[in-house]
Structures are given as C-alpha cells and as structure tokens.
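J.: Pasting a structure below so you can have a look.
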Amino acid sequence: MENNIPRILIEVTARGAIRELKRTPRRGIRNMVDLALNFCHGRFQRAFFESAQRLLQNEQSAYYELVYDLVNRVDTDRLMTFGMNLGYNSCTGGAKTIRRIEASEGYNIPWLATIMVSGDQYLDQEDAYCSLVDQGRKLGIYSWQLVSRGNAAELLALPRKYQDCAFALFCTPEEWDEALLEEASPLYNLLPVVRYEEGTEEVCSQMRERGLFYAVCVPYGQEELMDIQSGELFACTEPLGSAFTMLMPREGCPEGTRQEAYAAAIQVRQSQRYRTIPWDILGDSCMVDSVISEDECFAVFAPNGDLILPEGAEEHLNLFQMSLTDILRAAYPKKKAQ
C-alpha cells in the first residue's frame, strides 16, 4: 500500500505525540488517544480508541506504565512502522477494501490470516505463499500470523518482501536463538512472539535488550483456565516486559473453554491491573473482524495448505490448489437476509 497524504499526516502527528508522551506520560497518553479519535474514521479504530479513552480515566491503570515503558525502550521507527501497518494499512485502508468486496461479491474476508508452516515447507512452496499474501493484499488483508513449525528464519522472507504488511512470528524459546533474533531485529513490520514455556524469560530479556516490540503466547486448555480467570497467568507474564499476553487455544480445546477464556481475557483487560494486555487470538480477532465487516471470519492454513475451520480441516480448500478468493467464497459465504 503506497504512502498517501492521510497516512503521512497521521504519521507525522503521531511522532509528535510520542515525543510529548516521553516528556509527560499520563497527559501524553490521553492526548494521543484524543488525537487518534480526531483522525480515525473506520468503525474498528473509533471503537478501539473510545474504549481506550474510557480505560484511561482510571488513574491507577497499569497501562500507563506499559505504554511509558514501550515508548522509552522501543525505537520510535519500529513502533511507527508496525503501528501504521496494522492500524492504517490493515484496519483502515484494508478494512475499506474488505467491506467493498464483501458487499459486491457476497462472501466474508478475514482482516487477519494465519499460516502454520516450517521454513523448509516455505522454501518448497515459496511462490504459493507469496501468491497467497499478494492475493490477500488485493482483498484488503494486511495482517498475517506466521506460526513456525521449525527453521523459522526462512519465514522472515515474507515480512522482508511485504513491508506494508504487519506480521507476527510465533516461535518457541528454543527457536528464538541469537541467530534468529539477529535476522528478525531489522524488520520493523514484524512482531516477534515467543511461546510461554521454559526458556521464555531469557528470550524476552534478549528481546528487551535489543529494543524489540514483542509479545508472549500462552497455549491453553482446561488446565490453564483457572489461572486465566484469576489473573495469575498475567501476574506471571507481566515481568517479562511483553506488550501482549496472547492466548492460543490448544488443538482440541472445547468451545466452552474457549468462550470462558475469552470472557476472562476481556475482564482482566478491563481491570487494567497488569502491565501486559491480554489478547485472545481467536476471540479478539473475530471481534475485530465483526466490527470491520459485521460477520466474523477467522482463517488458518495448516502446513499442508488446507484451510482449518472450527469443525476441522477442509481438504478440498487448499491454498496450493485454489485461489484465495475461491477458498473464501466457498468457506465464508455471506448470510442471506431473512
């Protein structure tokens, strides 16, 4: 997505707001949110910043400390690049494209797509994955999640090539070694995400030393639900300095457990007790999609290319065999008005 006058004006204004935020954190944060409301026109952006405005009325909010920490330790260009790709290219320009195509073509388009793949698989099918992102951008999809299944360094080719998109790369602590961190650090449109397990603390410390904007991801099932609901999980992830604590349901996690986890994430987020923002990958992504274009839609592609729906993989909907448009048209038709 090429730069245009509205984006340039927003970016220049945001940079000035960040400078003020560093000098007077609490007033600066409130002013930035007020400023954003003056600029934003999309449904999701307005809903997001109105919610932020209400939250920041709480003078004891831990999010003041979180934002102050981020703007003082993370390079401004890094925050601006990722933030503009996500907030403007994806949730503004991309959302507008999504709504237009959905209205004319009669099928739903996700604002965010997830690819589960190893670096070796990516190299074998590089043209197909690049084509997927190219097709997605034409449909308005500028946000992508890459869930590594090994050899993650090869997956960095996508954020390198598509610098107008926002990417999140999910890896285990073992994968986030010095070599991968070295290659990922120059990519300002990339959010490194480390799985929460043994070794996460050390990796987060290294990310922090490099001034990265990063997140942790917690796979959950019924066993983890109590810690999510009590907030104990977020008390444990808070010291890691992660902007987000992302919740990802384990394979086979019951729908009831997913709903309870999402409800708990919302409650903890609204409580503003922890210096990390709970984000339920499935629930919150669907919420954003429903605000952007009414019908919620969430697309995940398995390592073999199959689209994964809540009821399981669809073998006949495969990114190596069909266009993204045909896959979405078949999987997510618009509901007919009664």
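J.: Give me the net charge for the shell around P110: Cβ to Cβ below 12 angstrom, other residues only, Lys and Arg +1, Asp and Glu -1.
T.: -4
J.: Mind grabbing the accessible area of Y196 for me, 1.4 Å probe, Å², rounded to tens?
T.: Answer for Y196: close to 80 Å² accessible.
J.: Accessible surface of S90 in the full protein assembly, 1.4 angstrom probe, to the nearest 10 Å²?
T.: So the heavy atoms of S90 present about 0 Å² to solvent.
J.: For a protection proxy built on the mean count of beta-carbon atoms within 10 angstrom, sort 167-179, 280-292 highest first, please.
T.: Highest-to-lowest ranking by the protection proxy: 280-292, 167-179.
J.: Kindly state, to the nearest 0.05, the FRET efficiency for I266 paired with R160, given R0 = 41 Å and r defined as their beta-carbon distance.
T.: Efficiency for this residue pair is about 0.70.
J.: Also: If we count every other residue with Cβ under 10 angstrom of L225's Cβ, Lys/Arg +1 and Asp/Glu -1, where does the sum land? Display every interim value, and only then the final one.
T.: Numbers: positive: R258; negative: E223, E224, D227, E260.
Its environment carries a net charge of -3.
J.: So for each of 60-66, 232-238 I average, over its residues, the number of other beta carbons within 10 Å; can you give me the resulting order with the highest mean first?
T.: 232-238, 60-66
J.: Could you give the length gained by full extension between D177 and E65, i.e. 0.36 nm per residue of separation minus their alpha carbon distance, to one decimal place?
T.: 37.5 nm
J.: What's the local net charge at F244, with K and R +1, D and E -1, over the other residues with C-beta under 14 Å away?
T.: Net local charge, F244 excluded: -1.
J.: Another question about this same structure. For T325 and A235, calculate 0.36 nm times their separation in residues minus their Cα-Cα distance, and state this gained length in nm to one decimal.
T.: Extra length from T325 to A235 when fully extended: 28.2 nm.
The values are calculated or read from the model by the stated rules, or taken from the named source; none is laboratory data. Please read these numbers as outputs of a predicted model, since none were measured by experiment. Every residue, glycine as well, gets a Cβ built from its backbone with ideal geometry; the counts of neighbours run over all protein chains shown. What goes into the accessible areas is simple: the full protein's heavy atoms, side chains included, and nothing from ligands, DNA or RNA. Shrake-Rupley method; radii C 1.70, N 1.55, O 1.52, S 1.80 Å.
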